[in-house]
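So the structure is just underneath, and the comments pick up after that.
The values are calculated or read from the model by the stated rules, or taken from the named source; none is laboratory data. Since we're looking at a predicted model, the values are computed, not measured. Note that we place each Cβ from the backbone using ideal geometry, even for glycine, and neighbour counts take in every protein chain shown.
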Amino acid sequence: MSKTRVAILISGRGSNMMSLIEAAAAPDFPAEIVTVISNRPEAHGLARAASAGIATLAVDHKAYADRPAFDAALDAALRACEAQIVCLAGFMRLLTPAFTQGWHGRMLNIHPALLPSFKGLHTHERALAEGVKLHGCTTHFVTAEMDVGPIIMQAAVPVLDADTPDTLGARVLAQEHVIYPASLRLVCEGRARIEGTRVVIDEFALGDRALVSPSA
Ligand code: GAR
């Protein structure tokens, strides 16, 4: 079985990146992580990826005049390593429509909320302020609009009365580390098909597609 070549884009600590790297270490995983690229040279995730034996690269957005110039450099780096799929894992830069169009159907993102609720930043604070009883995370294909795009998987967690953004965020993050590798597997196995604004999963049990974590 030839493995799909996957590049991961990060901006920070890279815990989701590590969940993908660790999943991809399994012999039966359909993807290999060929490179990790950060727009921030100081991102802790770069050192973690290097320790795991993955090639790393910093493409510092501050070195480019504008967004199109940065995205062109990023695109060139991804094509140079012959990436077939790109996973955004805590990559905190807006991407141009030209870039997202170029990777349509081949770029995934993870977001720490049950989209389409709570796009953008500070999702756990906002979930607590709204008093929602369920919160969670979403993987989706990337489109031109931020945190919008066909949803691949979601996991829900309970919101507890005593939660702080940190405790809630930790509960969500644990589920991010479950659904991101599972989503990448689906995509690389060709089982997640975009149909309009939705993703149709082939031969996959519903219970695995929408996980509800019963534990706090
Ligand atoms: C994760 O919670 C991820 O879902 C979020 O940033 C965090 C990165 O943590 N991404 C977004 O908010 C994108 N809209 P990590 O570096 O430990 O994976």
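Quick test for you: out of G131, G120, pick the one residue that is surrounded by fewer than 16 Cβ atoms within 10 Å (Cβ to Cβ) and either within 20 Å of R93 (Cβ to Cβ) or among the hydrophobic types (A, V, I, L, M, F, W, C) (or both).
Values: G131 fails: either within 20 Å of R93 (Cβ to Cβ) or among the hydrophobic types (A, V, I, L, M, F, W, C) (or both).
Sole residue among the options that is surrounded by fewer than 16 Cβ atoms within 10 Å (Cβ to Cβ) and either within 20 Å of R93 (Cβ to Cβ) or among the hydrophobic types (A, V, I, L, M, F, W, C) (or both): G120.
Would you say V36 is in contact (Cβ under 8 Å) with a residue 60 or more places away in the chain and part of a strand (DSSP E or B)? Lay out the reasoning, then the answer.
Working: in contact (Cβ under 8 Å) with a residue 60 or more places away in the chain: no; part of a strand (DSSP E or B): yes.
Taking the combined requirement at face value, the residue does not satisfy it.
Table: residues versus (1) within 14 Å of the chain's Cα centre (by Cα); (2) buried (at least 19 other Cβ atoms within 10 Å of the Cβ); (3) hydrophobic (A, V, I, L, M, F, W, C).
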{"residue": "F141", "(1), (2), (3)": "yes, yes, yes"}
{"residue": "E145", "(1), (2), (3)": "no, no, no"}
{"residue": "G149", "(1), (2), (3)": "yes, yes, no"}
{"residue": "V157", "(1), (2), (3)": "no, yes, yes"}
{"residue": "L160", "(1), (2), (3)": "no, no, yes"}
{"residue": "D163", "(1), (2), (3)": "no, yes, no"}
{"residue": "L168", "(1), (2), (3)": "no, yes, yes"}
{"residue": "L173", "(1), (2), (3)": "yes, no, yes"}
{"residue": "I179", "(1), (2), (3)": "yes, yes, yes"}
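Residue under question is C137, and the condition is that it be in contact with a helix residue (DSSP H, G or I) (Cβ under 7 Å, 6 or more places away or on another chain) and either surrounded by 13 or more Cβ atoms within 10 Å (Cβ to Cβ) or closer than 21 Å to V187 by Cβ (or both); does it hold?
On the way: in contact with a helix residue (DSSP H, G or I) (Cβ under 7 Å, 6 or more places away or on another chain): yes; either surrounded by 13 or more Cβ atoms within 10 Å (Cβ to Cβ) or closer than 21 Å to V187 by Cβ (or both): yes.
Considered against the rule, which asks whether it is in contact with a helix residue (DSSP H, G or I) (Cβ under 7 Å, 6 or more places away or on another chain) and either surrounded by 13 or more Cβ atoms within 10 Å (Cβ to Cβ) or closer than 21 Å to V187 by Cβ (or both), C137 comes out as yes.
Just checking, how many residues over the stretch 73-84 are buried (at least 21 other Cβ atoms within 10 Å of the Cβ) and either touching a Ser or Thr at 6+ places or on another chain (Cβ under 6 Å) or assigned to a helix (DSSP H, G or I) (or both)?
As a first pass, look at the stretch 73-84 and keep what is buried (at least 21 other Cβ atoms within 10 Å of the Cβ): 74, 78, 83.
The next check asks that each one be either touching a Ser or Thr at 6+ places or on another chain (Cβ under 6 Å) or assigned to a helix (DSSP H, G or I) (or both); those that pass are 74, 78.
Number of matching residues: 2.
Does F70 qualify as being modelled with pLDDT of 95 or more, within 28 Å of R191 (Cβ to Cβ) and aromatic (F, W, Y)?
On the way: modelled with pLDDT of 95 or more: yes; within 28 Å of R191 (Cβ to Cβ): no; aromatic (F, W, Y): yes.
Considered against the rule, which asks whether it is modelled with pLDDT of 95 or more, within 28 Å of R191 (Cβ to Cβ) and aromatic (F, W, Y), F70 comes out as no.
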